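To start, the structure under review is shown below, and the notes come after it.
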Amino acid sequence: MKRTLRFTVCVLGCLAVAPPAIAAQQGEQQIADLGVCKLASGKKIENCRIGYRTWGSLNAARSNAVLFPTWFSGVSANLADAVKPEGLVDPTKYFVIAVDALGDGVSSSPSNSAAQHGPDFPAFTIEDMVNAEYRLATETLRLKHLHAVMGISMGGIQTFEWMVDYPEFMDEAIPIVGTPRPNSRDLLLCRTDEDAVKSDPEWRQGRYAQPIAAPVAELIWQLNLTTPANYARTHKSFDTEYARLMANGISPFDANDWLAQLEAVAHHDISHGGTMEDAAKRVKARVLVINAAQDEMVNPQPALDFATLLGAKTLVLEGDCGHLATSCEAAKLDPAVRAFLDGP
């Protein structure tokens, strides 16, 4: 869940129907104004805005779009390294849309809302993130279909939501180190990290005057991002690292944004109160579920169980990098994802 993880010109007829946003510079930050975002709770985000970046070009059939939502505390700029011919998704083949999830400080968030600032911002869910992304795809980019949805960590969590909520809208779905529903271990981590933020002496019920570091929350994250063996091998100078973490904490990510996304993850459930069997019956896309065997941030078993219900293809990364396997095992991960996108 961490941020450390990555036209040819159409004929004139194609240009006539392409939305202006597609003509933006490759990887340029863009903002879509969605007006009001109605949430599953019945509340609303006023002046709802969604950030995104695009790489590549739509083909003549407008059938090669890949939507790539951000991970927890990540922004669309963090995904740029994954969008290259030898990366996760090749922009010479696909029109890649990296989307800033609600609450990341770029899209509508507690930190950047004037009318609903800080703790006054309405709680949102993963389902709300996906609904806003669907509006971006259909209303702003005027797409009627996606080739694929894919994402890492909270992006993978959003991918599970996408395949159930909009089953006809994509050909393929690739959730990477995500979960269809957090298990008790995942929830323990979420709740402990929430408490760490709220216990910071500068928290002030979310009405802090200056950004807060909440270093204990970051320390908890670092303890779970990778395995004990990997951490000990890759961090030799403990005192220096500890001092850095204590000084920086979760910054530059805003504490209210951090909590809002944590709450969204904690309440995630693609069955929406039903059964996973019923949720699986809704899925129409080809699915590749990718998890890390030693992931201590997002337990892999719920995703693998859901893959069994789907009869989906799976890839389990076996190294000791844990949740960071997407970086450590890129040589195995990246070609597998590219091959699946190019399949069947």
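Being out of contact with any helix residue (DSSP H, G or I) (no Cβ under 7 Å at 6 or more places or on another chain) and β-branched (V, I, T) is the filter here, so list the residues in region 291-318 that pass it.
T308, V316
Any residue in region 129-140 that is closer than 18 Å to A266 by Cβ and within 16 Å of the chain's Cα centre (by Cα)?
So far as region 129-140 goes, yes, one or more of its residues are closer than 18 Å to A266 by Cβ and within 16 Å of the chain's Cα centre (by Cα).
Please work out if Q205 is surrounded by fewer than 16 Cβ atoms within 10 Å (Cβ to Cβ), outside any loop (DSSP other than H, G, I, E, B) and outside the structural domain of P110 (by TED's automatic domain parsing).
Considered against the rule, which asks whether it is surrounded by fewer than 16 Cβ atoms within 10 Å (Cβ to Cβ), outside any loop (DSSP other than H, G, I, E, B) and outside the structural domain of P110 (by TED's automatic domain parsing), Q205 comes out as yes.
Name the residue that is surrounded by the fewest Cβ atoms within 10 Å (Cβ to Cβ), counting only residues in region 90-129 that are among the acidic types (D, E) and assigned to a loop (DSSP other than H, G, I, E, B).
Ranking the qualifying residues of region 90-129, first place goes to D90.
Tell me, which residue of region 220-273 that is among the polar types (S, T, N, Q) and not in a helix (DSSP H, G or I) is farthest from D128 (Cα to Cα)?
S237
Checking the conditions here, which among A292, A266 is of a type in the set (G, A, S) and surrounded by 23 or more Cβ atoms within 10 Å (Cβ to Cβ)?
Just one listed residue meets the conditions, A292.
Here's the yes/no breakdown for (1) part of a helix (DSSP H, G or I); (2) modelled with pLDDT of 95 or more:
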{"site": "K2", "(1), (2)": "no, no"}
{"site": "T8", "(1), (2)": "no, no"}
{"site": "G13", "(1), (2)": "yes, no"}
{"site": "A32", "(1), (2)": "no, yes"}
{"site": "C37", "(1), (2)": "no, yes"}
{"site": "G42", "(1), (2)": "no, yes"}
{"site": "E46", "(1), (2)": "no, yes"}
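For region 150-177, which positions are among the acidic types (D, E) and either modelled with pLDDT under 95 or buried (at least 24 other Cβ atoms within 10 Å of the Cβ) (or both)?
E161
Is it the case that region 264-283 has a residue that's in the same structural domain as S41 (by TED's automatic domain parsing), at negative phi and touching a strand residue (DSSP E or B) at 6+ places or on another chain (Cβ under 8 Å)?
Yes: one or more hits.
The values are calculated or read from the model by the stated rules, or taken from the named source; none is laboratory data. These numbers come from a predicted model, not from an experiment. Heads up, the Cβs are rebuilt from the backbone with ideal geometry, glycines too, and the neighbour counts pull from every protein chain shown.
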